[in-house]
Amino acid sequence: MGMIRIISRSFPLTLLPLTARAEWTVNLSPGVTEISRSIYDLHMTIFWICVAIGCVVFGIMFWSIFHHRKSRGAKAHHFHEHTLVEVIWTLIPLGILVAMAVPATATLVKMYDPKDAGLDVQVTGYQWKWRYQYLDQDLDFFSNLATPQEQVTNDQAKSENYLLEVDRHLVLPTDTKIRFLLTANDVIHSWWVPALAVKKDAIPGFINEAWAQIDEPGIYRGQCAELCGKDHGFMPIVVEAVSPEEFQQWLVAAKAEKAAAAEAANRSWTLDELMQRGEQVYLGTCAACHQANGEGLPPAFPALKNSPIAVGDVGAHIDIVLNGKTGTAMQAFRDQLDPVELAAVITYERNAWGNSTGEAVSPTQIADRIGAAQGEGN
Amino acid sequence: MSHILQRWWRTLIGVLSGFFGVQSERRREEDFKEGRAIHFVVVGLLMAALFVIFVIFLVRWALSLSGA
């Protein structure tokens, strides 16, 4: 009694969230693809085989201990070897393993067969975001964490999908075999979406293949599953499965949006417009390292506030954002952001947190710089 | 002649017991007394090669069954 009281006083929290525990699932997800369901079935079959083995082995052991107890005068029988028993305890596990290998092999062969896919999507891991390229569709975008920094620092209540929400979903059609080509830009990442039963390493210089055919429309969330640096836990995956018709509509809309963004690069932007847009881009793309207050996390991530680059020559500032800096975590943002976003974020960095250059960098300036660099490359 | 055959046969049994992982103490002692190390090495390598070939065929057969 005294013990129970001590335990319940010391750990009152363990008794409280009983209602939460009812929804707390620890088992594998059955998922939404044929493969994920057969993996789930295999998992459950093997689980019950393990339970049966455990019951038999521990049952015999406990019965033997109890039945041959010392108080009944049991005497240990000393012998060194028993070939027949050894053969039996080798053959039985062998039989069980072969029996489990048969269905497991059938599923594995299916998993590793990405032939005849209706859609190819290249997935590239970056520190710390994912890039999705719809091959043959001329569509390509980055998917960044959408959870606000205030929720991470507990200055705001955490939302339902805390750290599992992104700005742009990977939209995929249902009832279509989709092949994923996985690679990475910097370090090893791993693209993991439990509901699709896909968990594959994304390795720089390698292309790994995986595939999924989604049966039900819905939102499926996942995460990077290979420790990849500071924000490994802040690069979630959100797959949005829609019907093939809706997917076609989405493709058209996404391409129109891309064209509109290209169009917007040609008009002139005011300083206020650039600052407003730049703040959004900064918080989504730059703040993870350089921090929302522009003070960075030195020495790995330098401050932008009063930095020689952010208040110095604008050309050097544009170049470092476009091309990154070799040997540091500073990435090349040339392909990650469009000219408007690049112009806006550079303008923002030059005029925020007391940096007061008053300069507005125009999208055409960025486009010219990129064009000039490409000209030199040729 | 039959003596030599018998010796190789015993070596084979010894090697296969090793592969399986179970061998009686009596046979093990006999092997160490009467067998020659080079026989065990030759038969061991041969059996290992056979095992690899067996696994290759097993995989091919499994793949052909699943139509891949």
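Just a few scattered comments:
- Square roots of 5 times each gyration tensor eigenvalue, C-alpha, the stretch B:3-66, largest first, Å: 30, 13, 8
- Of all accessible heavy-atom area on chain B, the percent that carbon and sulfur account for (1.4 Å): 71
- Heavy-atom accessible area per residue - chain A, 1.4 Å, Å²: 58
- Computed accessible area, A:Met100, all protein chains, 1.4 angstrom probe, square angstrom: 40
- Nearest 10 degrees, 0 to 90: helix A:363-377 Cα axis against chain A principal axis: 80
- Whether the stretch A:271-363 is rounded, prolate or oblate, judged on the alpha carbon gyration tensor where a/c under 1.5 counts as rounded: rounded
- Counting only protein chain heavy atoms and rolling a 1.4 Å probe, the accessible areas of A:Leu28, A:Leu135 rank, largest first, as A:Leu28, A:Leu135.
- Gain on full stretching of the segment that runs from A:Ile207 to A:Asp116 - 0.36 nm per residue minus C-alpha separation: 31.0 nm
- Cβ-defined net charge surrounding A:Ser64, 14 Å radius [Lys, Arg +1; Asp, Glu -1]: +4
- For chain A, calculated [θ]222 nm from helices alone, where every DSSP H run of n ≥ 4 adds -39500 (n - 2.57): -13500 deg cm²/dmol
- Angle in degrees between helix B:25-34 and the longest Cα principal axis of chain B, rounded to the nearest 10: 70
- Every Cα-Cα pair in chain A was counted, and those over 29 Å apart are 59% of them.
- Local net charge near A:Gly294, Cβ-Cβ under 13 Å (Lys/Arg +1, Asp/Glu -1): -1
- Taking the charge dipole of the stretch A:265-377 about its Cα centre, with +1 at Lys and Arg Cβ atoms and -1 at Asp and Glu Cβ atoms, the residue from A:Leu271, A:Pro339, A:Gly315 reaching farthest to the positive side is A:Gly315.
- Local electrostatic count at A:Asp319 - Lys and Arg +1, Asp and Glu -1, tallied over other residues with Cβ under 12 Å: +2
- Chain A: angle of helix A:271-281 to the longest principal axis, Cα-based, in degrees nearest 10: 10
- Taking each of A:Lys199/A:Lys255; A:Lys177/A:Lys200; A:Lys129/A:Lys305; A:Lys129/A:Lys177; A:Lys158/A:Lys200 in turn, the alpha-carbon distance tops 21 angstrom for A:Lys199/A:Lys255; A:Lys129/A:Lys305; A:Lys129/A:Lys177; A:Lys158/A:Lys200.
- Counting only residues at least eight positions apart within a chain, or on another chain, the aspartates and glutamates with an alpha carbon under 14 Å from that of A:Lys110 are A:Glu34, A:Glu209.
- Using Cβ point charges alone (K and R +1, D and E -1), the dipole size of the protein assembly as shown about the Cα centre works out to roughly 2940 debye.
- The aspartates and glutamates whose alpha-carbon is closer than 15 Å to the alpha-carbon of B:Lys33, local same-chain residues fewer than 8 away aside, are B:Glu25.
The values are calculated or read from the model by the stated rules, or taken from the named source; none is laboratory data. All values reported here derive from a predicted model rather than from experimental measurement. Methodologically, a virtual Cβ is constructed for each residue, glycine included, from the backbone with ideal geometry; neighbour enumeration extends over all protein chains shown. Side chains included, ligands, DNA and RNA excluded: accessible areas come from the protein's heavy atoms. Shrake-Rupley method; radii C 1.70, N 1.55, O 1.52, S 1.80 Å.
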